[in-house]
Amino acid sequence: MKIAVIGAGYWGPNLIRNFLSTEGVSGVVCCDGQEKRLERALKRFPAVEGMASFSEVLSRPDIDAVALATPVSTHYPLGVQALQAGKHVLVEKPLTLRSADAEALVELAEKEGLCLMVDHTFVYTGAVRKIKQYMVEGEVGNVMYFDSVRINLGLFQHDTNVVWDLAAHDVSIMDFLVNEKPLSVMTSGLSHFNEQEDIAYITVLFPNNLIAHFHVNWISPVKVRRILIGGTKQMVVYDDMESSDKVKLYNKGVDYRSGDSVYSALVKYRTGDMYAPNIDPTEALALMAKEFVDSISRKRQALTDGIAGYNVVRILEAADASLHAGGRAVTFSQDSNNGRQRRVALTQAK
């Protein structure tokens with residue numbers, strides 16, 4: 001198949017590089033309306049065909065799919081045009097700025113029988129896939145909390161705040177690992193230098209006493225990329241800044257036995273071994289590109305499909321609404337047609 005990458009700015013060249021080496025891709029087209037960016041991309045990738053018009057890309061019958069590496073505000077209108085033109089669509093995260101738009105894209109893709117996929121790159125890392133393996137095999141037990149920190153100095157965005165910029169990564173990881181529908185979101189944060197909030201704390205509540213917390217920050221003196229997952233059996237630490245041993249599984253926890261009174265309750269602390277597994281070093285973006293191609297050629301649901309994108313946007317949208325409402329809790333409708341339930345139903349239907 002032939003794939004067109006729309007946007008040759010920061011992320012577009014990474015997609016081009018990986019699609020060029022993906023089995024099943026016969027050619028890559030780069031489309032960008034800015035002449036200098038397009039020239040720079042074509043100079044770096046001589047085998048790539050260049051185009052300046054998105055409408056011309058959509059009119060080409062030999063182009064099977066498009067990958068949108070464009071500003072998030074353009075994802076919905078460009079995605080609609082591409083799906084209506086019969087193209088499979090890969091979208092850089094987040095899928096859209098509104099959950100209603102994300103849901104509309106999902107429904108349009110289903111109607112047209114096309115693949116809609118979101119580039120939640122971290123889901124494809126060896127570390128996150130290893131954690132998922134532990135959870136599926138029951139090594140972690142029931143998840144009690146998901147705690148993430150993603151902080152650094154910059155880069156400041158002028159069209160979006162730190163919630164949409166940084167939290168999208170860890171929310172997508174959580175959505176992949178945790179099979180629960182959120183109940184509510186509470187967010188506090190502030191802007192110190194422009195109109196966009198540069199620091200935020202997001203708390204998401206789930207059924208079964210599961211709580212998730214996200215700390216995102218553009219003004220930290222150090223760069224931290226760390227996730228802690230507390231399970232009833234074992235606990236996981238994922239530190240993406242580690243050169244090795246990114247994932248550590250701790251046989252630590254609390255065993256609690258209730259009694260007739262608070263004085264007769266028994267609390268035992270379990271302190272066992274720590275295990276650091278080998279992690280698949282394959283580049284996550286290469287696996288993501290392969291997943292997109294495979295889901296199209298095999299006509300199957302993608303791992304990070306439009307429903308996954310919708311789930312993430314739904315939480316980010318609620319977090320942003322809470323932030324601008326002074327931290328007031330935003331609750332989710334538990335309609336079975338929304339969120340994770342829709343993904344399960346779609347999988348069963350196919």
**Q.** Principal axis dimensions, the chain - Cα atoms, whole angstrom, descending
**A.** 75, 42, 42
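Based on the Cα gyration tensor of the stretch 2-122, what are the three equivalent ellipsoid semi-axes, each the root of five times an eigenvalue, rounded to whole Å and given largest first?
22, 15, 13
Can you give the Kirkwood hydrodynamic radius of the stretch 134-267 from its Cα pairs, in Å with one decimal?
16.5 Å
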Q. Could you give the angle, 0 to 90 degrees to the nearest 10, between helix 284-297's Cα long axis and the longest principal axis of the Cα atoms of the chain?
A. 60 degrees
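Could you sort out which of Lys132/Lys248; Lys2/Lys299; Lys43/Lys290; Lys132/Lys223 sit more than 18 Å apart by Cα distance in this structure?
Lys43/Lys290; Lys132/Lys223
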(Q) Rounding to the nearest 10 and keeping the result within 0 to 90°, find how far the Cα-based axis of helix 99-112 lies from the longest principal axis of the chain. (A) 60 degrees
Q) Just from its helices, what would the mean residue ellipticity at 222 nm be for the chain, if runs of 4 or more DSSP H residues each count -39500 (n - 2.57) and the sum is divided by every residue, rounded to the nearest 500 deg cm²/dmol? A) -10000 deg cm²/dmol
Q. Order of 201-212, 273-284 by packing, highest average Cβ count within 10 Å first?
A. 201-212, 273-284
Q | With Cα atoms, 0 to 90° folded angle of helix 75-84 axis to the chain main axis | A | 60 degrees
Q) Over the stretch 180-243, how many percent of alpha carbon pairs lie in each 10 Å bin up to the one with the longest distance? A) 17, 38, 33, 11, 1
Q) How much net charge surrounds Ile211 when only other residues with a Cβ under 12 Å from its Cβ are counted (Lys, Arg +1; Asp, Glu -1)? A) -2
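Read the figures in this text as sums done on the coordinates, not as results from a lab. A quick note: this is a predicted structure, and the numbers were derived from the prediction, not measured. Positions of Cβ are backbone-derived with ideal geometry, glycine not excepted, and every protein chain shown enters the neighbour counts.
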